[in-house]
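The values are calculated or read from the model by the stated rules, or taken from the named source; none is laboratory data. Because the structure is predicted, anything quoted here is derived from the model rather than measured. Glycine also receives a Cβ, built like all others from the backbone with ideal geometry; neighbour counts cover every protein chain displayed. With ligands, DNA and RNA removed, areas are computed over all heavy atoms of the protein, side chains included. Shrake-Rupley method; radii C 1.70, N 1.55, O 1.52, S 1.80 Å.
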Amino acid sequence: LAKTTQPISMDSYEGQEVNITCSHNNIATNDYITWYQQFPSQGPRFIIQGYKTKVTNEVASLFIPADRKSSTLSLPRVSLSDTAVYYCLVGSVDSSYKLIFGSGTRLLVRP
Amino acid sequence: SQTIHQWPATLVQPVGSPLSLECTVEGTSNPNLYWYRQAAGRGLQLLFYSVGIGQISSEVPQNLSASRPQDRQFILSSKKLLLSDSGFYLCAWSGGTLEYGYTFGSGTRLTVV
């Protein structure tokens, strides 16, 4: 399983765009990149997933360069409610896969 | 739609007492099921996962065990709790592929005193 490295914490202000980068140098050919969001005392929630290039949904965008050794989660115009821990995970698509969570990035959005 | 239920929400147990946490999934069949634990201020630690009835894989040797008596039921147990078993326990399911990832339950906050 590919190990991921991401910043421990980030600060931002309401209305700004936030970009959280994750390194996964040992990503395998059939690995996907998935990001989760976790609020205190809640289970993580799926945000976005991608394999290569760019993926966008109603919540965020995920940018993956050609070498796939890193990825960037982009949150447009954050609000106070985006304060949470964000996890980057890498895993394969076979039926017995298991996701290993790192320490995540603690994002604090200030007024 | 699929839903995942986990209970109880909070639990305070004395050291040496037994533990049983239950997780059930509705609206899907043959899910992959997972138990995670999260210590205060820390990331999630994968404890057990199951790809089918009676099939349990343990990730971390410890004081806990898991069972899957039915397709959509996953139970986390301990015969004698330790102080170090305190934490936030989360059950999750997936459809066996990475599309849409995992869906987590609401968690159980366990405090061993």
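Report, by residue number, each residue of the range A:31-44 that is buried (at least 16 other Cβ atoms within 10 Å of the Cβ), of a type outside the set (A, V, I, L, M) and either assigned to a loop (DSSP other than H, G, I, E, B) or facing chain B (nearest Cβ under 10 Å) (or both).
Those that are buried (at least 16 other Cβ atoms within 10 Å of the Cβ), of a type outside the set (A, V, I, L, M) and either assigned to a loop (DSSP other than H, G, I, E, B) or facing chain B (nearest Cβ under 10 Å) (or both): A:Asp31, A:Tyr32, A:Thr34, A:Trp35, A:Tyr36, A:Gln38, A:Gly43, A:Pro44.
I'd like to know if the range B:89-110 contains one or more residues that are at pLDDT 95 or above, open to solvent by 60 Å² or more (accessible area, probe 1.4 Å) and within 13 Å of chain A (Cβ to nearest Cβ).
Yes, some residue in the range B:89-110 is at pLDDT 95 or above, open to solvent by 60 Å² or more (accessible area, probe 1.4 Å) and within 13 Å of chain A (Cβ to nearest Cβ).
Among B:Ser84, B:Ser67, which is the only one that is away from chain A (no Cβ under 12 Å), open to solvent by 30 Å² or more (accessible area, probe 1.4 Å) and modelled with pLDDT of 95 or more?
Matching residue, one of B:Ser84, B:Ser67: B:Ser67.
I need the full set of residues from the range B:1-19 which are open to solvent by 40 Å² or more (accessible area, probe 1.4 Å) and among the small types (Gly, Ala, Ser), in order please.
B:Ser1, B:Ala9
For the list (1) open to solvent by 60 Å² or more (accessible area, probe 1.4 Å); (2) under 30 Å from B:Thr10 (Cα atoms); (3) at pLDDT 95 or above, I need the number of the one condition that A:Asp82 fails.
Just one mismatch for A:Asp82, condition (1).
So, in the range B:28-38, how many residues would count as being farther than 9 Å from B:Arg72 by Cα and open to solvent by 50 Å² or more (accessible area, probe 1.4 Å)?
The number of residues fulfilling the criteria is 0.
Give me the pairs: first residue in the range B:30-48 and more than 22 Å from B:Gln2 (Cβ to Cβ) and more than 10 Å from every other protein chain (Cβ to nearest Cβ), second residue aliphatic (A, V, I, L, M) and open to solvent by less than 10 Å² (accessible area, probe 1.4 Å), beta-carbon distance under 7 Å, and six or more apart or on different chains, which are they?
B:Arg37/B:Leu47
Do you know which of the residues in the range A:46-68 that are within 14 Å of A:Ile20 (Cβ to Cβ) and open to solvent by 40 Å² or more (accessible area, probe 1.4 Å) is modelled with the lowest pLDDT?
Only one residue fits best here, namely A:Val59.
Which condition number in (1) open to solvent by 70 Å² or more (accessible area, probe 1.4 Å); (2) within 13 Å of chain B (Cβ to nearest Cβ) is the one that A:Pro76 fails?
Single failed check for A:Pro76: (2).
Residues being in a strand (DSSP E or B), modelled with pLDDT of 95 or more and not hydrophobic (A, V, I, L, M, F, W, C): count how many of those fall in the range B:11-35.
Matching residues across the range B:11-35 total 4.
Among the residues that make up the range A:16-27, is at least one of them within 12 Å of another protein chain (Cβ to nearest Cβ), more than 25 Å from B:Ser50 (Cβ to Cβ) and open to solvent by less than 70 Å² (accessible area, probe 1.4 Å)?
No, every residue in the range A:16-27 fails to be within 12 Å of another protein chain (Cβ to nearest Cβ), more than 25 Å from B:Ser50 (Cβ to Cβ) and open to solvent by less than 70 Å² (accessible area, probe 1.4 Å).
Which of the residues spanning the range A:1-30 are part of a loop (DSSP other than H, G, I, E, B) and either within 18 Å of A:Leu108 (Cβ to Cβ) or of a type in the set (Ser, Thr, Tyr) (or both)?
A:Thr4, A:Gln6, A:Pro7, A:Ile8, A:Glu14, A:Gly15, A:Gln16, A:Glu17, A:Thr29 - these are the residues of the range A:1-30 that are part of a loop (DSSP other than H, G, I, E, B) and either within 18 Å of A:Leu108 (Cβ to Cβ) or of a type in the set (Ser, Thr, Tyr) (or both).
Take the residues in the range B:49-62 that are more than 10 Å from chain A (Cβ to nearest Cβ) and not in a strand (DSSP E or B), then tell me which one is nearest to A:Leu99 (Cα to Cα).
Out of the qualifying residues, it is B:Val60.
May I ask you to verify whether B:Gln45 is of a type in the set (S, T, N, Q), within 14 Å of the chain's Cα centre (by Cα) and open to solvent by 10 Å² or more (accessible area, probe 1.4 Å)?
yes
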